Amino acid sequence: MTVVRAAHEAHGATFREVAGRAVPVEYGRPDRTHRAVRNAAGVTEHAFDVVVATGEDAHEVVAAGVSGGVPTEDGRGAYVVVCDDGRVRADGYVFATDDRLLGLVPAGEGDRVASRWRERAGSRDAAVTLSTGEFGTFGVHGPQATEKVASVLHRASPPEERLRFVRGEMEGGVTVVRDDDLAGEEGYLVVCAAEDADDVFETLLVRGLNAVPFGRETWETLTLEAGTPLFASELAGRTLATLGLARLDGSDAAAAGKPHRRLVGLAPDALPASEAAVYADGSRVGEVTRAAESPMRGDPLAFAVVSEWHGGLAVAADGDRVDAAVVEPPFVDTGERSRRRPEY
C-alpha cells in the first residue's frame with residue numbers, strides 16, 4: 001500500500017490494487033495531467049519493493065543473481081534483470097552504498113528477489129532482508145524535473161549522470177537518484193524514510209517550483225510514448241532476446257541473430273485491448289502487451305510481441321481487425337531518450 005495514501009486522497013486520487021498494494025491511478029483529467037508532465041514536471045509515488053543486502057559477500061551474491069552490472073562504488077546504481085530459465089522474472093535497480101546494496105523491484109516481486117539472493121548467499125557473509133515498509137519512493141519527471149528537484153533539495157545538487165545518487169534534505173533526509181529517463185524526459189527517484197514520506201511528497205508538489213501529482217495511468221502513457229517497456233506488461237516472462245535486451249547478460253544480440261519473437265511498436269487505426277491478437281496475412285502472429293490513446297499524438301499506440309518479422313500487421317479492436325503500422329519508438333519526440341528502450 002502507498003505510504004502516503006491520505007495525501008493522495010487529499011489531491012483527489014483514485015486507486016487500484018497492484019500486487020496487493022493500493023496505488024494511485026489518476027487524479028482527474030488524465031490527459032491534462034499528462035500534458036502538464038510533458039510541459040513541466042510531475043510527481044508520482046512509485047510502487048517498489050525494497051530488498052537490502054549487507055555483508056562482505058553481498059556484492060558477489062547479488063551479482064550472481066541478476067543480469068547487468070552491479071555497482072561497487074558508493075553513489076552508483078545499475079538497471080538489472082532477474083531471470084530464471086532464460087525468462088525475465090523481475091527487473092529493477094541496484095544501488096550501492098558504503099555498507100549495503102539496495103534493490104528496488106516492482107511491487108509483488110520483492111519476495112521472489114529476496115529469496116533468490118538468500119539462496120545465492122547460502123553460508124556466505126551476506127544477509128538479505130525485504131524492507132519495503134521502511135521507505136517511501138517518489139518519481140519526479142518532465143523537462144523541468146531538474147529545476148523542480150533543485151528548488152527543494154538542500155545540502156546537495158541533483159546528480160547529472162544517470163543512475164548516480166546524492167544524499168540531501170527535503171524536510172527530512174532523502175536520497176536523490178537520476179534515473180534512466182523512462183518517460184523520455186529528465187527523471188529522478190527520491191527515496192526517503194517512511195516516516196518522512198508525507199513531508200517529502202508535499203514538498204515535491206507545492207514547495208519551490210510547482211509540480212502536478214500523477215498516477216499509474218499517466219505513467220503508463222508517458223512510458224509508452226517514450227518506447228519504454230514495463231515489467232508487468234512487456235517484460236514479465238519474456239526472454240531478453242525478444243526484448244532486444246540480450247546485452248544485459250553479456251551476450252551479443254547481433255551475433256545471436258534475429259529472435260523468433262520480438263517486441264515492436266505499433267500505430268493501430270483503432271485502440272486495441274491489452275492481449276488483443278495481432279495478425280499478418282490472416283494468421284495470428286502475436287499479441288498486444290500495452291495500448292493507450294496518446295495524449296500528445298491524439299492517436300492510439302501499442303506495444304506487441306510478434307513472431308519473426310512481418311511487413312503488414314493488423315490488430316483486433318472492437319471485434320474487428322484494423323491495420324497497424326509498425327513504428328520504431330519513441331512514438332513522441334521528447335527531450336531525452338529512454339535508456340531502457342530496446343534496440344529494435
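Taking into account only those residues within segment 196-232 that are part of a loop (DSSP other than H, G, I, E, B) and touching a Pro at 6+ places or on another chain (Cβ under 9 Å), which is surrounded by the fewest Cβ atoms within 10 Å (Cβ to Cβ)? Per the criteria, the residue is LEU230.
Screening GLY133, GLY139, GLY184 for residues that are assigned to a helix (DSSP H, G or I) and either in contact (Cβ under 8 Å) with a residue 60 or more places away in the chain or open to solvent by less than 30 Å² (accessible area, probe 1.4 Å) (or both) leaves exactly one candidate, GLY133.
Is segment 299-310 home to any residue that is under 24 Å from HIS34 (Cα atoms) and surrounded by fewer than 15 Cβ atoms within 10 Å (Cβ to Cβ)? Scanning segment 299-310 turns up at least one residue that is under 24 Å from HIS34 (Cα atoms) and surrounded by fewer than 15 Cβ atoms within 10 Å (Cβ to Cβ). Could we say that ARG116 is within 19 Å of the chain's Cα centre (by Cα), more than 27 Å from THR221 (Cβ to Cβ) and without any contact (Cβ under 8 Å) to a residue 60 or more places away in the chain here? Against the criterion (within 19 Å of the chain's Cα centre (by Cα), more than 27 Å from THR221 (Cβ to Cβ) and without any contact (Cβ under 8 Å) to a residue 60 or more places away in the chain), ARG116 does not qualify.
Determine whether segment 302-325 contains at least one residue that is within 22 Å of LEU243 (Cβ to Cβ), outside any strand (DSSP E or B) and modelled with pLDDT of 90 or more. Checked segment 302-325: no residue is within 22 Å of LEU243 (Cβ to Cβ), outside any strand (DSSP E or B) and modelled with pLDDT of 90 or more.
Kindly indicate which of ARG120, ARG124, ARG112, ARG167 is assigned to a strand (DSSP E or B), among the basic types (Lys, Arg) and surrounded by fewer than 22 Cβ atoms within 10 Å (Cβ to Cβ).
Testing whether each residue is assigned to a strand (DSSP E or B), among the basic types (Lys, Arg) and surrounded by fewer than 22 Cβ atoms within 10 Å (Cβ to Cβ) leaves just ARG167.
Across segment 233-244, the qualifying residues are those that are touching a Lys or Arg at 6+ places or on another chain (Cβ under 9 Å) and in a helix (DSSP H, G or I), and the one among them that is surrounded by the fewest Cβ atoms within 10 Å (Cβ to Cβ) is SER233. Every listed requirement among (1) touching a helix residue (DSSP H, G or I) at 6+ places or on another chain (Cβ under 7 Å); (2) free of Cβ contacts under 8 Å to residues at least 12 places away in the same chain is met by PRO106 save one, (2). With a requirement of 1 or more residues that are surrounded by fewer than 18 Cβ atoms within 10 Å (Cβ to Cβ), the strands (runs of 3 or more DSSP E) lying completely within segment 1-102 that satisfy it span 14-18, 21-26, 48-54, 77-84, 87-96. One residue alone among ALA324, ALA291, ALA304 is farther than 27 Å from GLY142 by Cβ, within 18 Å of the chain's Cα centre (by Cα) and not polar (S, T, N, Q), and that residue is ALA304.
The values are calculated or read from the model by the stated rules, or taken from the named source; none is laboratory data. Predicted model, so just to flag it, every value in this text is computed and none were measured. Cβ: placed from backbone, ideal geometry, glycine included. Neighbour counts: every protein chain shown. The area values use the complete protein model at the heavy-atom level, side chains included, leaving out ligands, DNA and RNA. Shrake-Rupley method; radii C 1.70, N 1.55, O 1.52, S 1.80 Å.
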